[in-house]
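The values are calculated or read from the model by the stated rules, or taken from the named source; none is laboratory data. In this text, all values refer to a predicted model and were calculated from it rather than measured experimentally. Please note: Cβ atoms are built from the backbone with ideal geometry, for glycine as well, and neighbour counts cover all protein chains shown. Keep in mind that these areas ignore ligands, DNA and RNA; they rest on the heavy atoms of the full protein, side chains included. Shrake-Rupley method; radii C 1.70, N 1.55, O 1.52, S 1.80 Å.
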Amino acid sequence: MEPAEPPRATATVDESNDLPTAPCSVVWSGGHSYVREGTAGARWVGVDDRGRPRFLTDAELRRRGWSRTRG
């Protein structure tokens, strides 16, 4: 008898992993909200724990994990 696989952790990442593309869309990551700024060459704008501006690309946000709801 083969050992059962360990349970996999579930993430709060959106199942499709497709970030919203509309300007002013809001997503959550690491307890902070990020707003999509612009269309061509868009980036996500938020703040860190000290209130300093933080800018993320789509790829960075996917790596960090994100959700459409605060969670």
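Calculated on the alpha-carbon coordinates, the convex hull of the stretch 11-71 measures out at 78 cubic angstrom per residue. Loop-located trypsin sites (Lys or Arg not before Pro) in the stretch 33-71 (DSSP state not H, G, I, E or B) with no more than 10 neighbouring Cβ atoms inside 10 Å: R50, R70.
Ordering E60, E37 from largest to smallest accessible area (1.4 angstrom probe), what's the sequence?
Details: E60 65, E37 85 Å².
The ordering from most to least exposed comes out as E37, E60.
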